Amino acid sequence: MDFEISSKKDAFEFFERQISRAYYKLYESQKLEFESYLLKSFILEKELDVNLDEADVLRQLLSFEFKGETVFPTLRKIEDDFWEVFYPVLSVRMYLEKLDGRFFAFHTLSESKKVDLIVQKLVSQHHQIDAMWLWHQFLDRQLWLNQRSFKGFSFDYDFRKISGDESDQTLSYLKMQIWGGGHEIVELYKKLRNMLRNKATLAKVRFKEFGDNPEHFVLTDIKFLGKFRSHGTDVRLHRKILFDVKTAYAQKLATIEKKYRLSWQIDGQREAVLEGEPLYFKFSKRIDYLDRLIEVVFNGSYPFRLLGFVRETNHGYFIRVVDLHVGSRFNLELYPDLMVVYLPEDVCGNTVIRFYTNLQHTMETEVVVEDAQGEKVF
Amino acid sequence: MLKEKRSFENELLNIFIGLCKGSRQFVPQDKVSKFQKLGFSVRGVEVPIIVKGGRVTADMVMASKRVGNALVVEWTKSQLTERKKHQLRKYESITGQDLRAYAFLTIRETESVDKLVVVLQKFVSDYEAYIRQNKLPHVLLAYFYPERYRLERKFNNFVVSELNEIFDTAVEFDRIPMGFAPDIDLSNMAQSGLVDEVVAELVQLLLRRDEGEIFDLDEFVQNMLSKGFYKLLSEDKRREISKAVHQILKEIGKEPRFQEIFERIGTDPPKWKIKLRRSEKLKKIKALRKALQEFADEVAGRTTFLSLF
């Protein structure tokens, strides 16, 4: 890049030139020219009390351990809600944008492999930052919004760790990516979905979205970890997709935090009402390997990052869970057909969404979450 | 892994909260739905009430605006003693006005008041005879513990006829909810659930705080129980829980394997300082998980937990 970006508008105009060039290069030759990359954005959730306006706080927050060293970025404030973040060690330049009080985004044209590594390090090393975890149904919904044109999907799951089944009799893991256009791709998606019912978990979706006229469009991939990758002619559409996903996600978080956190509300001196209710995770089939599930899910490792203190009960297990990521607690009852999650008043809704999304990727896709009245939450 | 030894009191607390709020664990569901339709909600746990014969602490108070009724619940797993007899007589004199004064219920909620006594099946005949002889209005329910989750009305009627229908034939469940109230036996601190709660709370605190930060017993207990639930408890009960938690934290602190995580720096009030560095926190906590679980198992597995207290 041979000029300095001095505003958010500048940055996105530059991005637009790049993604437009990338689109036509890909269209013509099916490959990108050297150092021409697609626009990648990540939405991340931050703890509410982290102030992104202070350079020192931001510099600490965006540092990470890599190969035994602490990697710090250099920062340049461009606008109140827009920073340039440069990692000299990895030669990666990203732009941080505050989306609202709870979410921020990174936008970058740098190489995917390096950017993915940075984001993964930041999320795993800082408890103040979490990814956006897009569950199967959420991604599926993205394909059909705003008359988008369906361009592909990827299924990605691995049930071996929890089920312990590595025999050739069942499909225990799968990675599949299909890009294409036309009605057949939609049919193929539906057929595969049906055929691999309860196994095919969406890891990525691809669609084309148009603006006011057919010349304005973007071709966008959304990955389940909250990564958006676009090329096309109109960068504003990329931003619109980002903001729409953020809004829908934030609504789900708000619902979880408002309706399903249990708290004793005290009015006056002793008048108490228990607000909220537990969440019921219903398995589509009986789980006979609860002990292995507990060992894999509650040992503190990525991606669940949950540490469980487990007690056997008359019909199942009672588990006190500490979320290593954000340092919150919740309790859980586990039975072969059901899991009941009791969220305390200070838990972050993202803990639940991360838990649910990762269950889909490691245990079963069709786990349904309902409230006490049977109303579907996921 | 040790089996969770839920206390009689904790089971009943969760059952009644679950009946009021509704819970999918109750199988079958029909009796729960009927109870829920009556509109009862929990209005207090361990509610102290001063009556003619002295002070009585109700295990739970529930009330419904919809049917204009309050339920004052006493549960006990002990046999009928002179102390219990005295307590039952004190319950008799609890009025709607007392509940408005001490449990902050409304006039509508206290149009009628039922006293509900829940006892173990094996002591039912003694309690029933005493209630009958003394013409006490208490509704007597039998609880089958610990074999199965079953409540059955044995003597006297509820004012609200629908409650009689619900409890006339036994209310029996395959499963009950376990997470509405903290797993602490409010009548006996010396049980396993409390140790598990302390261990999990300590891990949470270590994650949230940095090296050198200080925490005291009072804030530890309030966070562990959740501030709202803590407020529901009487001063005596809070003190009792704090004392037990203090003992457990002292025990943890004595163990050489946990000396690197925190140290005691004050006694009045008890205070501790966190020793874990931010950079090593996650690794150390993950490594300590097994040791902490073992500690909880050891304490819970002792022939008498009372050795701790």
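The values are calculated or read from the model by the stated rules, or taken from the named source; none is laboratory data. Keep in mind that what you see is a predicted model, and the values were worked out from it rather than measured. Quick reminder, even Gly has a Cβ in these numbers, built from the backbone with ideal geometry, and neighbours come from all protein chains shown.
Structural remarks
- Checking each residue in the stretch A:290-327 for being at the interface with chain B (Cβ under 7 Å from one of its Cβ atoms) and under 14 Å from B:Val203 (Cβ atoms) picks out A:Gly300, A:Leu307, A:Phe309, A:Val310, A:Arg320, A:Val322, A:Leu324, A:Gly327.
- Hey, B:Gly39 away from chain A (no Cβ under 14 Å), of a type in the set (Gly, Ala, Ser), free of Cβ contacts under 8 Å to residues at least 60 places away in the same chain and under 25 Å from A:Ile266 (Cα atoms) or not: no
- Among strands (runs of 3 or more DSSP E) entirely within the stretch B:54-172, having at least 3 residues that are surrounded by 15 or more Cβ atoms within 10 Å (Cβ to Cβ) and within 14 Å of chain A (Cβ to nearest Cβ) singles out B:54-64.
- Among the residues listed as A:Gln177, A:Gln137, the single one being within 18 Å of the chain's Cα centre (by Cα) and of a type in the set (S, T, N, Q): A:Gln137
- Subset of the stretch A:37-90 [hydroxyl-bearing (Ser, Thr, Tyr), in contact (Cβ under 8 Å) with a residue 24 or more places away in the chain and not in a strand (DSSP E or B)]: A:Tyr37
- Those residues of the stretch B:201-248 which are hydroxyl-bearing (Ser, Thr, Tyr) and either part of a helix (DSSP H, G or I) or surrounded by 21 or more Cβ atoms within 10 Å (Cβ to Cβ) (or both), in sequence order: B:Tyr230, B:Ser242
- For A:Asp130, the conditions (1) buried (at least 22 other Cβ atoms within 10 Å of the Cβ); (2) at pLDDT 95 or above; (3) more than 17 Å from A:Arg239 (Cα to Cα) all hold with the exception of (2).
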